[in-house]
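FYI, it's all coordinate maths here, none of it is from the lab. Predicted model only: the values in this text are computed from it and were never measured. Every residue, glycine as well, gets a Cβ built from its backbone with ideal geometry; the counts of neighbours run over all protein chains shown.
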Amino acid sequence: MDQVRVEESCGDVIADFARSLSLPDTLDMTYQLRDLKGQVIVITGATAGMGAATAKELVEQGAKVVLNARNEARLKEIVASLGEANATYVAGDCSEPDVSRAVAKAALDKFGTIDAVVPNAGIGMYGSILDYSDDEVNRMMRTNYEGTVHIIRACLPTMIAKKAGDIVIVSSVAGFRGGGDESIYAGTKHAQVGLAGGLDRELRDKGVRVALVCPAGTETEFAIGSGRTAGTPVLASFLRSEDIAFQITTILKQPRSVRTHIWTLWSINQQS
């Protein structure tokens, strides 16, 4: 018997054995992404950059979005562009528990449920730990960490009741290694990483997945006037908001049999 016939014979034997065990034929298996049509997703920090790009991408995928940010005029513009049948908003600071609860209530009142929450609100300030006022530092810490905690607390009961849901926290690579000009900011991102790890262990068996999206520098309004200058050439080498929207959408579309917990991302032009 020549080598080709031996290989074919072995392949037939293995296939017959797999069928005898009622194992699936791997040639017929496909990776089925979830359809996001009709999914209700809460997004904070939704008026620009990553949040706005994510809202646009999710609506294009058929989802409904509930948006939060401080700037009501911008929120109105975004909802109008997405269509009032697809989006609603609550203006305010999500680090205030009452505001976060109002966002969750708006989702339930408008669309009847909550399937996922994307805590994305964030502030960045580059420089020394001594460079900014107490109020500026406290605002960054509260927005980046407390804003994450309170919007999750507001949205989570609905997802636990359904035994299904997603939390996708927008953090940063600074949550793993802070630079010398971003110590306080990096501290808030480390806090998000710690929070997500604990939540993943708390919520996995309740049907709620917890993911961290951790991009490197992204060309947005982030930290403009607080360590970054609009139009600086290096910004052109950074990630785009659409890159992060792709990350978030991909995580949400994964079948519920798997979960992504940490996804770091750099542009090809950035050093890790």
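Observations, loosely collected:
- Check: segment 36-265 dipole with +1 on Lys, Arg Cβ and -1 on Asp, Glu Cβ, in debye: 960
- Counting other Cβ atoms within 10 Å as a rough exposure proxy, the listed residues Tyr185, Tyr126 run Tyr126, Tyr185 from fewest neighbours to most.
- Dipole in debye (nearest 20) - segment 83-128, about Cα centre, beta carbon charges: Lys, Arg +1; Asp, Glu -1: 60
- Least to most buried among Thr250, Thr54, Thr148 (fewest other Cβ within 10 Å first): Thr250, Thr148, Thr54
- The residues neighbouring Thr264, those whose beta-carbon lies less than 15 Å from its own, together hold a net charge of +1 under the Lys/Arg +1, Asp/Glu -1 convention.
- Once Rg and the Kirkwood radius are both taken over the C-alpha atoms of segment 95-177, their ratio Rg/Rh works out to 1.07.
- Label-to-label distance for Ala161 and Gln270 is 3.8 nm, based on points extended 7 Å past Cα in the beta-carbon direction.
- Residue exposure sequence - Asp243, Asp166 - by fewest surrounding Cβ within 10 Å: Asp243, Asp166
- Potential extension, Arg177-Lys253 segment - 0.36 nm per residue separation minus Cα distance: 24.5 nm
- Radius 15 Å from Cβ of Lys163, net charge of other residues (Lys, Arg +1; Asp, Glu -1): +2
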